[in-house]
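Peer 1: First the structure, then my questions, so here it is.
Every number here is computed from the coordinates shown, using simple stated rules; none is lab data. Everything numeric in this text was worked out from a predicted model, so none of it was measured. A quick note on method: Cβ atoms are made from the backbone with ideal geometry, for glycine too, and the neighbour counts reach across all protein chains shown.
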Amino acid sequence: MIGIIAAMEPELAEIRAHMTGVSLSRVSGFDIFRGRIGETPVAAAVCGIGKVAAALCAEAMILSCGVTHVVNTGVAGALDARLHVLDIVVAEQVLQHDFDLSPIGFVPGHIPACDGIRIPCHRGLSDHIAKTAAELLCVSVHRGDIASGDQFIHTEEQKARITADFSPLCCEMEGGAIGQVCAMNGLPFTVIRAISDGADDGAPMSFEAFTEAAAHNSATALIAALQALPAEVLL
Ligand code: SAH
């Protein structure tokens with residue numbers, strides 16, 4: 001069973017609409033919907049904003065549904081100048097840009113529980129989702145790192161700092177936490193995001209204007225990827 005987690009309702013709505021044989025359970029305050037997308041068994045939930053909510057939801061889903069893989073879908077702010085609004089990013093690795101033990105000798109972003117800064121995503125699942133997105137959508141599909149933190153990034157200073165430290169393609173607020181939970185449980189995971197804004201001073205307005213369309217792109221690619229999911233992709 002594939003676990004699907006989105007931070008906000010508009011990011012999950014289309015995915016839920018494509019599920020068949022749906023049953024609902026409530027775990028740790030989360031509505032977890034179980035069913036199928038095509039032939040693929042899935043569990044799907046809205047986790048809420050930020051790393052703590054995302055981590056709690058991922059753990060609740062892992063313990064209550066026995067998911068074998070987890071995918072985080074949604075929208076993100078672009079950090080790399082090559083990215084445009086509505087483009088897709090499928091993560092190679094995730095990291096937490098606000099995790100900072102540098103005063104006691106660690107490099108910024110080093111997470112002791114993960115033994116490093118970057119948490120690798122599942123290769124087969126990530127490649128399959130990226131390939132499906134590229135075939136289906138009329139936007140660019142990028143591969144690289146995604147940085148998470150408990151901040152809505154909206155200034156050049158924040159962008160410059162995160163880019164200088166980690167060189168990620170985009171920023172959001174959940175993927176790095178879901179990645180950590182999965183890594184600590186020994187479960188494969190990946191993150192697909194579509195760009196809603198440029199993480200700059202126009203980000204609040206752009207986020208407002210483009211979240212629906214960006215969420216649609218991310219969900220559309222993920223739905224199609226799950227509808228035709230070769231078994232070997234999950235190995
Ligand atoms: N309107 C929401 C809050 C959205 S916070 C509410 O009322 O609850 C922004 C969400 O979109 C987060 O889930 C985050 O993952 C993603 N996101 C999009 N652009 C972002 C940016 N520039 N910085 C950080 N997160 C961003």
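Peer 1: Only four residue types carry charge here, +1 at the Cβ of Lys and Arg and -1 at the Cβ of Asp and Glu. Report the dipole size of the chain about the Cα centre in Debye, rounded to the nearest 20.
Peer 2: My answer is approximately 700 debye.
Peer 1: Taking 8 Å as the Cα distance limit and 6 or more residues as the minimum spacing, I'd like the relative contact order of the stretch 2-234 as a percentage.
Peer 2: That works out to 28 percent.
Peer 1: Given the peptides 226-234, 190-198, 48-56, 141-149, arrange them by the average over their residues of other C-beta atoms within 10 Å, most packed first.
Peer 2: Packing order, densest peptide first, comes out as 190-198, 141-149, 48-56, 226-234.
Peer 1: Please give me the summed charge of the neighbours of residue 9: other residues whose Cβ is under 12 Å from its Cβ, Lys and Arg +1, Asp and Glu -1.
Peer 2: With Lys, Arg at +1 and Asp, Glu at -1, the net is -3.
Peer 1: So which GluC sites (Glu not before Pro) in the stretch 7-100 end up in coil per DSSP with only 14 or fewer other C-beta atoms within 10 Å?
Peer 2: 39
Peer 1: Moving on. Return, ordered by residue number, the residues of the stretch 29-49 whose backbone nitrogen is under 19 Å from a label point located 7 Å along Cα→Cβ of residue 227.
Peer 2: Answer for the stretch 29-49: 35-44.
Peer 1: Please give me the summed charge of the neighbours of residue 42: other residues whose Cβ is under 11 Å from its Cβ, Lys and Arg +1, Asp and Glu -1.
Peer 2: +2
Peer 1: Pick from 102, 167, 28 the residue whose mean-square fluctuation is largest in a GNM of the chain, springs joining Cα atoms under 10 Å.
Peer 2: 102
Peer 1: Just to be sure I understand: with springs between alpha-carbon atoms less than 10 Å apart, which residue in 45, 164, 183 has the highest mean-square fluctuation in the Gaussian network model of the chain?
Peer 2: 164
Peer 1: For the chain, what are the per-bin percents of Cα-Cα distances with bins 10 Å wide, up to the bin holding the maximum?
Peer 2: Result returned by the calculation: 9, 37, 38, 15, 2, 0.
Peer 1: Continuing with the same structure: To the nearest 20 debye, what charge dipole does the stretch 1-109 have about its Cα centre, counting +1 at the Cβ of each Lys and Arg and -1 at the Cβ of each Asp and Glu?
Peer 2: Computed about the Cα centre, the dipole is about 320 debye.
Peer 1: Where Lys and Arg each count +1 and Asp and Glu each count -1, what net charge lies around residue 225 among other residues with Cβ under 12 Å from its Cβ?
Peer 2: So the surrounding residues net to -1.
Peer 1: So if I take the centroid of the Cα atoms in the stretch 1-61 and the same for the stretch 112-181, what is the distance between those two points in Å?
Peer 2: Taking the Cα centre of the stretch 112-181 as reference, the centre of the stretch 1-61 is 20 Å away.
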